Amino acid sequence: MAEQNLVPTQTQNQFQNPMFREIHKNTWLKRISSTNSKKKKERFWVVFCVHDDTDAFLETYVDNKLAVFHKPEWFVSLNNVQHISPTICAHEQEYEFVLTLSSEVIRLAAPTWEQMLDWVESLRGKLYELRILSPKENLYTKLPDRGLPLLPTRDPTSPLPPPPEVPPENLPGIEPLRPSETPHSGSMNSLYGRRRSESQSSGLIRRNSNASEPRSARISNDVFNFENLNILDNSAPTSASEGTPATHYELLFQMQQTPGPSNRNVDRQLERIENNRLLERSASCSPRILQPPPQPYKTLREQQVLQLQKEMKHPSGVRIQLRKKDCISSIGFVDSFDAVWICGWKQKEHPMLYNALHIGDRLISIEGISIKSAAEAHKILHSHYCGLFVNIVIKRVPHGQVLVIHRESEGQSLGIVQENNTAVIETVQADSLAARHGLTAKTKTCDGVSFTNWVLTEINGRPLNLFFKKNQVRDRLNSVGRDISILVQPLDLIKQLKKQMKSLKNYKDYILQ
């Protein structure tokens, strides 16, 4: 209670007189002294609560039953918290996390790694919501992969390449002047203005060459041969310099500066050119885009199968991200054919795994670490390499085949003959629906030495019970609808998965229905 008296009066009033109190997290934790690390660690019932949806507090009780009376041994306001950091390496089987306030540092220790991360996630999430912490604060990214070689770079101490010995006489894009056209220094500005007006006039005439036709003569269709362009009006004055033939652009420029009746024709011509230019610009802003041919309509069943086929064909596998608590002791990993396979998962406790996994997926790596055995997979999932979310790379059903079968009428037979009403396909009838859609009677074994039968593992995207449930396969195959999708895998692989699955503790929890 001595520490509680050090809390400001305003904070005490907020703590003692709340309208309502909401508890977000409570459990047994050890409190570590931030000043004297050798001091004995005391075990408290720690409560994280929020008063009136505005004030966050951390409270400690000697007994968890006393938390009902809301009279803690010690409490602190979290409204000025700056950082919440979990430990990276555990010390003496204690997983410490730190709350950095503006005035002090609070150190707490959880008994397990999962409880520490759960506390950090709960505190951060609520403090983000209250806008006390900024989003994505104090999070660490994955270290770069040191196994990849660095790309070679140029030695910064090496000399630069030498400059060219002789500068080019003519710069690209600039035409040299003839000796007779070399201007004097006094007339440089007038020459520049004249050439600029000539280039602008040439652009107008060239854009209008195919749209309008002058009264006196037609403009040539060859827009790149400027010498062949005809003069708009033969009665107009020629170039100011005698002996030099006037070009089309010079004549247009002079006629704009010369008053008189002939200038009206040029004005009308320029107005027509400008209007056509505006029409061309508006047309260029909305060009006609060639639309691709319409794709045939695909049902939801076909889209699901196409997506699964795309994942199965990917040579490097599929990367999925799962919550760590959905992976630990909830996925059935078994060893077979020198690889790690997924034989099932706890469907009731973790229904989201249905969207990410399939029976017969091959496990490649977890957090970038290659997996050689099922025991190694469980060890890495429990280690500090995995955070709140786990990156897993799998090879999607490498030995399977998925296809959509379209019935011509309701209740039409697929031509699949089951073995004793189980999921094993004894044969596929010749010229049946299944055969026409690409399902073969036999398939290669996983070792590629011989042939074996197919086994149905999914129908219409739903997994089947590997240990044969009465009439389940028959009912699924005879389901309502003309379209049906099936996923089949080799019999030798399924036999090994079932055999290894029985060695798992409480293996029936991993059986899918």
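What net charge is computed for the residues neighbouring K502, neighbours being all others with C-beta under 14 Å from the C-beta of K502, Lys and Arg scored +1, Asp and Glu -1? Could you put the intermediate results ahead of the total?
Values: positive: K495, K498, K499, K505, K508; negative: D335, D509.
Here the charged neighbours net out to +3.
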Eligible lysines near K495 by straight Cα distance, threshold 23 Å, same-chain separation 8 or greater:
K346, K372, K395, K442, K444, K469, K470, K505, K508
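How much FRET efficiency would the formula 1/(1 + (r/R0)^6) give for K41 and E349, where r is the Cβ-Cβ distance and R0 is 25 Å, rounded to 0.05?
Numbers: r = 34 Å, r/R0 = 1.36.
For K41 and E349, the calculated efficiency is 0.15.
Where does the charge balance sit around K348 when Lys and Arg score +1, Asp and Glu -1, over other residues with C-beta under 14 Å from its C-beta?
Values: positive: K346, K508; negative: D326, E349, D509.
Its environment carries a net charge of -1.
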What lysines could a cross-link reach from K126, if we take a straight Cα to Cα line under 29 Å and drop same-chain neighbours fewer than 8 places away?
K25, K30, K41, K65, K71, K136, K142, K324, K325, K348
What nm distance separates the two modelled labels at L300 and E410, each placed 7 Å from Cα along Cα→Cβ?
1.9
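Sorted from fewest to most neighbouring beta carbons within 10 Å, what does the list T60, T27 look like?
On the way: T60 20, T27 14.
Going from sparsest to densest Cβ surroundings: T27, T60.
Cut-off is 10 Å between beta-carbons; in what order do C49, C89 appear when sorted fewest neighbours first? Intermediate values should be presented prior to the final figure.
Details: C49 23, C89 7.
With the fewest neighbours first, C49, C89 line up as C89, C49.
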Rounded to the nearest 0.05, what FRET efficiency do R131 and H384 have when you use their Cβ-Cβ distance and R0 = 35 Å?
0.70
So, over other residues within a Cβ distance under 14 Å of H51, counting Lys, Arg +1 and Asp, Glu -1, the net charge is -3
Under 5 Å between amide H atoms, partner at least 5 residues away or on a different chain: which partners does I486 have, H built in plane at 1.01 Å?
L403, I405, N460
Two-site FRET efficiency, V68 against A356, from Cβ-Cβ distance with R₀ of 45 Å, rounded to 0.05:
0.60
Span from the segment 423-477 Cα centroid across to the segment 80-110 one, whole angstrom:
55
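Which order results if W341, W454, W74, W45 are arranged by neighbouring Cβ count within 10 Å, fewest first?
Working: W341 24, W454 27, W74 16, W45 19.
Sorted ascending by nearby Cβ count, the order is W74, W45, W341, W454.
Any read-out appearing in this document is the output of simple, stated calculations on the displayed coordinates, not a laboratory observation. Given the structure is predicted, the values throughout are model-derived calculations rather than measurements. Virtual Cβ from ideal backbone geometry, glycine too; neighbours counted across all protein chains shown.
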